[in-house]
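For reference, the structure is listed below as structure tokens.
The values are calculated or read from the model by the stated rules, or taken from the named source; none is laboratory data. As the structure is a prediction and not an experimental result, all values here were calculated from the model. Note that we place each Cβ from the backbone using ideal geometry, even for glycine, and neighbour counts take in every protein chain shown. Quick note on the areas: whole protein, heavy atoms, side chains included, nothing else; ligands and nucleic acids left out. Shrake-Rupley method; radii C 1.70, N 1.55, O 1.52, S 1.80 Å.
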Amino acid sequence: MILITGGAGYIGSHTVINFINAGYDIVIFDNLETGHIETVKTLQTLGNVVFEQGNLRNAEDLEKVFSKYEIEAVIHFAAYSLVGESVSSPAKYYRNNSFGTLNLLDTMVKHNVKKIVFSSTCATYGEPEYTPIDEKHAQNPINPYGMSKLFIEKMMNDYDNAYGLKSIKLRYFNVAGADSECRIGEWHDVETHLIPNILKSVLYKGQTFKIFGNDYPTPDGTCIRDYVNVEDLAKAHWLAVEYLNKENKSDVFNIGTETGDSVQKVFEVCEKVVNKKIPVEVVERRAGDPAILYANSTKANSVLGWYPEKTLYDSVLSAYNWECKRFEDK
Ligand code: UFG
């Protein structure tokens, strides 16, 4: 079986579908702090998915799961991921993300499970020295979230040297969209991300979308990011497991589209998808936002055979369908 930590969360749950489609049996390990039991229930209608509620910070919770199931590989998503919160509450990020992963790695070694695919982030690079960013770019995170993930990458390398535990680190850029059949999607109780925030201004009366600054050194003055579709991203995890099975080698890959889109451009695509004017205002810059981030993903293309297939329009459309469904369910 494949163990997917954080499988009740946004990216984890889309990855579960990908592994179901590839014929795997899955154990989801999630504490449901930010993930949702409704998502797990939906996934259980699609394939052989068992759910174990537990916390990475409790080694005993992990021990129970590894004793109960025959785990062949781990896909590790479970983490806190709010950049702003990580600045005000760093211990929460180091304790949960970094220390929690240490428990996971120790339990893997104990049970002789030697393959892990890790959800890393472009936030490990920090302020870009050049774009597009490739895997050789220096890693100098500018917030505890990015640092907590960088520690994990380093720990994984050390666990390979010491115990032969092989890891693939996938450094994602900005993840967007939802399941194209609208069964699951992005569902954060505190929403900070661009596309859901724009779409909420369409559905919820009185909400105005706020652009955080239009005085950046970019062609239209708004920040540029690389929006990778969540279903495309999910596929990268499956390819990473295939790669580990075949090559048995640790490695790291950027997962992005190699296209930079500005906040203004994303906003315009959203207006096109919903086919109406969306209320918008420009406000102050948000602290800690670099002007331009986009990926060089050549390595994932050539080594993993991973290519993004969906466009920004596809991502916004699936995200909108999902937001509409959640709105109607209220
Ligand atoms: N933005 C707005 N208004 C909003 C929300 C976002 O203008 O209401 C802007 C931001 O300022 C930024 C861009 O939209 O320029 C994208 O912001 P997101 O919050 O959607 O994404 P981030 O780029 O901040 O964060 C993402 C991931 C993080 C990861 C980070 C790495 O969500 O987990 O990329 O840079 F750490």
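Miscellaneous remarks
- Remark: relative contact order (the chain) = 19 percent; criterion is Cα-Cα distance under 8 angstrom and separation of 6 or more residues.
- Peptides 187-193, 56-62 ranked from most to least packed give 56-62, 187-193, packing being the mean of other C-beta atoms within 10 angstrom over each peptide's residues.
- Taking each DSSP H run with n ≥ 4 as -39500 (n - 2.57) and averaging over every residue of the chain yields -12000 deg cm²/dmol at 222 nm.
- GNM result for the chain, Cα springs below 10 Å: residue of CYS182, CYS270, CYS223 fluctuating most strongly: CYS182
- Annotation: amide H-H contacts under 5 Å for ILE28 (H modelled 1.01 Å from N, sequence separation of 5 or more, or interchain): ILE4, VAL50, PHE51, GLU52.
- Whole-percent carbon and sulfur share, accessible surface of region 243-316, 1.4 Å: 47 percent
- Gyration tensor verdict on region 216-330 (Cα atoms; rounded if a/c is under 1.5, prolate if a/b is larger than b/c, oblate otherwise): oblate
- Kyte-Doolittle mean at least -0.5, axial Cα span of 24 Å or more - DSSP H helices of the chain: 230-247
- Positive-end extreme of charge dipole, the chain - chosen from ILE152, GLY256, VAL269 (charges on Cβ): ILE152
- Accessible area expressed per residue, region 5-103, with surrounding protein chains retained (probe 1.4 Å, Å²): 41 Å²
- Positive end of the dipole of region 77-210 (Cβ unit charges, origin at the Cα centre): among PHE209, GLY164, VAL83, the Cα lying farthest that way belongs to GLY164.
- Across region 164-235, Cα pairs under 8 Å and at least six residues apart give a relative contact order of 42 percent.
- Magnitude of the charge dipole for region 102-257, about its Cα centre and with charges confined to Cβ atoms of Lys, Arg (+1) and Asp, Glu (-1), is about 400 debye.
- Highest to lowest packing among 242-255, 307-320, scored as the average C-beta count within 10 Å: 307-320, 242-255
- Cα extents for the chain along the principal axes, largest to smallest and rounded to whole angstrom: 55, 44, 38.
- Whole-Å distance, taken between Cα centres, linking region 171-197 and region 104-162: 22 Å
- Rough spin-label spacing in nm, given labels placed 7 Å along Cα→Cβ, for VAL283 and CYS182: 3.0 nm
- Apportionment of accessible area to carbon and sulfur, region 51-123, percent (1.4 Å): 49 percent
- Cα gyration tensor category, rounded, prolate or oblate, for region 15-100 with a/c compared to 1.5: prolate
- In the context of the full set of protein chains, residues of region 129-288 present 45 Å² of accessible surface per residue (probe radius 1.4 Å, heavy atoms only).
- Å³ per residue enclosed by the Cα convex hull of region 99-174: 87 Å³
- Here the accessible area is traced with a 1.4 Å probe on the protein chains. For region 177-233, carbon and sulfur cover 53 percent of it.
- Amide H contacts of ALA295 (H built 1.01 Å from N, under 5 Å, at least 5 apart or other chain): ILE133, THR257, GLU258, THR259
- Net length gained if the chain between LYS68 and ILE142 were fully extended (0.36 nm per residue, minus Cα distance): 22.7 nm
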